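Below is one structure; the comments refer to it alone.
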Amino acid sequence: GYREPTPIQRQAIPVGLQCRDLIGLAETGSGKTLSFVVPMLAHVLRTSRTHGGPYGLILAPTRELVSQIHEEARKFTYRSWVRPAVVYGGAEMGAQLRQIERGCDLLSATPGRLVDMIERGRISLSNVRFLVLDEADRMLDMGFEPQIRRIVLGEDMPGVMDRQTLMFSATFPQNIQMLAKDFLKEYVFLSVGRVGSTSENITQK
């Protein structure tokens, strides 16, 4: 049902497909999800499935957002070998663990629940080659910075030179700049629309 890409998609998808790191500043509702799902899926489909996933990891601040990202990933992985999964707090962990154990190539997660699973030894990030932080400024506002730093820097995830990292944010405050310095390499910086506002494409109800 997509007739044409949104402005952030037109700019970010080619950068992602070139395997460049990226910071994208874009309004809520501007189409960021597809801006990283398309390059991530292209990247994962080129991966030989010799080890267990996930190969792609998307961190986002809320259950609602990770669920929405997961639904988009499911649509775009339909009839491919790529298996998306989602984990978030406030839901029964057993079902989420069983979903991952059946095979997980793209994982959408809230930081707190992912740290919980890592601490239980139920998931490894050693094969992550594509990392996305969506709504990074909101994650920091909600106090997730220690968990994010632990996931990206303190566990077995490949280092910045061995993965591709995309960060999306509505604003670019000092703490986001610090994350960018620690998490990204020679990144492309994109700003689309009015920073910090909501896209006119959204109907508010």
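The values are calculated or read from the model by the stated rules, or taken from the named source; none is laboratory data. Note that the structure is predicted; figures quoted are calculated from it, not measured. Note that we place each Cβ from the backbone using ideal geometry, even for glycine, and neighbour counts take in every protein chain shown. Accessible surface is based on the protein model in full, side chains and every heavy atom, while ligands, DNA and RNA are left aside. Shrake-Rupley method; radii C 1.70, N 1.55, O 1.52, S 1.80 Å.
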Can you name the strands (runs of 3 or more DSSP E) wholly within the range 81-169 that have at least 2 residues being under 23 Å from E186 (Cβ atoms)? 130-133, 164-169
For the range 1-27, pairs from a residue that is of a type in the set (S, T, Y) to a residue that is crowded, with 23+ Cβ neighbours inside 10 Å, with Cβ under 7 Å and 6 or more apart or across chains, are T6/S30
Can you find, within the range 110-142, the residue that is nearest to V160 (Cα to Cα) among those that are out of contact with any helix residue (DSSP H, G or I) (no Cβ under 6 Å at 6 or more places or on another chain) and among the basic types (K, R)? R129
Just checking, how many residues over the range 137-194 are in contact with a Lys or Arg (Cβ under 6 Å, 6 or more places away or on another chain) and among the basic types (K, R)? 1
Residue in the range 174-196 that is modelled with the lowest pLDDT, counting only those that are surrounded by 12 or more Cβ atoms within 10 Å (Cβ to Cβ) and part of a loop (DSSP other than H, G, I, E, B): G196
Which residues, taken from the range 126-140, are among the charged types (D, E, K, R) and in contact (Cβ under 8 Å) with a residue 40 or more places away in the chain? R129, D134, E135, R138
Return the residue satisfying two criteria in turn: it lies in the range 73-98 and is in contact with a helix residue (DSSP H, G or I) (Cβ under 7 Å, 6 or more places away or on another chain) and closer than 22 Å to M142 by Cβ, and of such residues it is surrounded by the fewest Cβ atoms within 10 Å (Cβ to Cβ). G90
In the range 145-173, the residues that are of a type in the set (D, E) and surrounded by 14 or more Cβ atoms within 10 Å (Cβ to Cβ): E145, E155
Residue that is modelled with the lowest pLDDT, among those in the range 42-64 that are open to solvent by less than 20 Å² (accessible area, probe 1.4 Å) and not in a loop (DSSP other than H, G, I, E, B): V44
Could you list, in sequence order, the residues of the range 117-144 that are surrounded by fewer than 17 Cβ atoms within 10 Å (Cβ to Cβ) and closer than 20 Å to T62 by Cβ? D141, M142, G143
